[in-house]
Structure formats: structure tokens, C-alpha cells
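The block underneath contains the structure these notes are about, expressed in C-alpha cells.
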Amino acid sequence: MENIKQIMDLFDSAEKWSAYIELSNYREDLVKYLKSSLCNEIQVLANSKLQDTGWIFEYDRNKLSLNMYPNESRLIAVSIEWEWWNRSDSPWHRRGVGIWVYASETDSRKVYEKMKELSHTLPLNGYEDNLENHIWYPFVRQIPASVFGVTDNVVSVEECLYMASFNPKQLALNIWHNVFEPFATKECSELFASIVK
């Protein structure tokens with residue numbers, strides 16, 4: 001309660017309070033705009049980097065998610081789903097990237113076991129086993145805070161998107177290098193596709 005009182009002290013005039021309320025009403029639109037501009041930058045980057053690698057990159061504008069699929073299969077992907085980041089029921093996916101598996105069309109347990117067998121040939125450093133938490137995401141990891149230019153305790157998507165307001169190209173490049181680039185080879189694409197056959 002003490003924090004609330006301190007915050008309320010910032011609003012020492014009706015004008016400041018009104019400005020805060022007005023900006024609060026735009027919060028969702030501002031976040032959507034930042035996600036959209038960042039995702040568009042990553043899509044442009046992916047289009048140029050993924051030629052002849054056996055991967056397809058997709059920016060899902062409805063979910064505002066980023067997915068990199070092998071050309072040969074849409075049943076597995078390297079995925080960032082922003083909607084999970086702020087949910088209290090999914091602390092396993094805060095500031096996260098996951099290996100997504102289409103659990104309705106595959107046997108997640110078998111996919112998980114195959115990936116474990118091939119872990120020495122796949123760039124899964126830092127990925128944690130997550131099958132017990134979520135069959136659609138058998139492996140997840142936190143994207144380092146430094147990618148977003150924030151501190152380690154920052155987990156909310158809104159705070160992580162701040163750099164997108166003034167340098168979306170650099171943030172897109174940071175995310176590309178850290179999340180997608182390690183998988184962006186023909187060999188890796190073929191392995192991923194073979195795992196879900």
C-alpha cells in the first residue's frame with residue numbers, strides 16, 4: 001500500500017492524472033504497434049537470411065508470434081509467442097523462446113525423445129526440458145535480458161519492447177542472432193523435419 005501512495009504522489013494535479021489515464025487507455029495499442037514494427041523487421045531479416053536453408057519464417061499477425069518452420073514440415077518450429085510472456089500461469093515461458101511441436105498431430109513424447117537423442121547435433125544449449133509443463137513446448141529457454149537491453153529481472157513483454165520504440169532494426173538483429181540464427185542451416189532444418197515424421 002505504501003508503494004501506491006508514493007505513486008499517487010506523482011499525480012499532484014488533475015492534468016497529470018488525466019494524462020496518465022489517457023495514456024493508459026492506449027497501452028494495448030502502443031504494445032501492439034511496437035510488436036508489429038519489431039516483427040516486421042524480423043520478417044524482413046528472415047527473408048534475406050533463410051534463402052536456401054530449408055526454413056520458412058512466419059510472423060503470425062493475429063497472435064503476434066514468430067515461427068521458423070522447416071520447409072518440409074509445419075509440425076515443429078522455433079517459436080516466440082508473446083502472449084505467454086505476461087501470463088502468471090506460464091512462468092516457464094517468461095521472456096521465452098520454445099521449440100514448438102504440433103501436439104495434436106504428433107506424439108510429443110516421441111518428438112521429445114528424438115530431440116534428446118539428437119541434442120548433441122542441435123543448437124539446444126540453454127534450452128530446458130519442458131514436456132511436463134506443456135506438451136506443445138517440450139523445450140524452452142529464456143532469451144537473455146541483454147538482447148532487449150534490459151536487466152535480468154525484467155520479464156514483461158512491454159518492458160522488453162522498449163528498444164523497438166527507437167531502434168527496431170537493432171532489436172530485430174539481436175533477436176535474430178540469439179534465437180533463430182543458430183537453427184538457420186539446411187542440416188538443422190532436415191533434422192527438425194525428420195524428428196516429426
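Determine, yes or no, whether LEU66 is at pLDDT 90 or above, open to solvent by less than 60 Å² (accessible area, probe 1.4 Å), out of contact with any strand residue (DSSP E or B) (no Cβ under 6 Å at 6 or more places or on another chain) and not small (Gly, Ala, Ser). Spell out the reasoning first.
Working: at pLDDT 90 or above: yes; open to solvent by less than 60 Å² (accessible area, probe 1.4 Å): yes; out of contact with any strand residue (DSSP E or B) (no Cβ under 6 Å at 6 or more places or on another chain): no; not small (Gly, Ala, Ser): yes.
No.
Restricting to the stretch 140-197, count the residues that are of a type outside the set (Ser, Thr, Tyr), more than 30 Å from LYS116 (Cα to Cα) and in contact (Cβ under 8 Å) with a residue 60 or more places away in the chain.
Count: 7.
Return the only residue of ASN67, ASN62 being in contact with a Ser or Thr (Cβ under 9 Å, 6 or more places away or on another chain), among the polar types (S, T, N, Q) and either closer than 20 Å to LYS32 by Cβ or not in a strand (DSSP E or B) (or both).
ASN67
Within the stretch 73-97, track down each residue that is hydroxyl-bearing (Ser, Thr, Tyr) and either over 26 Å from GLY54 (Cβ atoms) or open to solvent by 20 Å² or more (accessible area, probe 1.4 Å) (or both).
So the first thing to find is which residues in the stretch 73-97 are hydroxyl-bearing (Ser, Thr, Tyr), and the list is 73, 79, 88, 90.
Of everything in the stretch 73-97, those that are hydroxyl-bearing (Ser, Thr, Tyr) and either over 26 Å from GLY54 (Cβ atoms) or open to solvent by 20 Å² or more (accessible area, probe 1.4 Å) (or both) turn out to be SER88, SER90.
Given TYR102, TYR112, TYR137, which one is touching a Leu at 6+ places or on another chain (Cβ under 7 Å) and crowded, with 18+ Cβ neighbours inside 10 Å?
After applying the criteria, what remains is TYR112.
Name the residue, out of ILE80, ILE99, ILE42, that is under 29 Å from VAL154 (Cα atoms), assigned to a helix (DSSP H, G or I) and of a type in the set (A, V, I, L, M, F, W, C). Reasoning before the result, please.
Working: ILE80 fails: assigned to a helix (DSSP H, G or I); ILE99 fails: assigned to a helix (DSSP H, G or I).
Only one candidate qualifies: ILE42.
Suppose the filter is modelled with pLDDT under 95, closer than 27 Å to LEU191 by Cα and not in a helix (DSSP H, G or I); does ASN125 pass it?
Taking the combined requirement at face value, the residue satisfies it.
Can you report the number of residues in the stretch 23-63 which are acidic (Asp, Glu), farther than 16 Å from ILE99 by Cα and modelled with pLDDT of 90 or more?
The total comes to 3.
The values are calculated or read from the model by the stated rules, or taken from the named source; none is laboratory data. Everything numeric in this text was worked out from a predicted model, so none of it was measured. Methodologically, a virtual Cβ is constructed for each residue, glycine included, from the backbone with ideal geometry; neighbour enumeration extends over all protein chains shown. These accessible areas exclude ligands, DNA and RNA; they are computed on the full protein's heavy atoms, side chains included. Shrake-Rupley method; radii C 1.70, N 1.55, O 1.52, S 1.80 Å.
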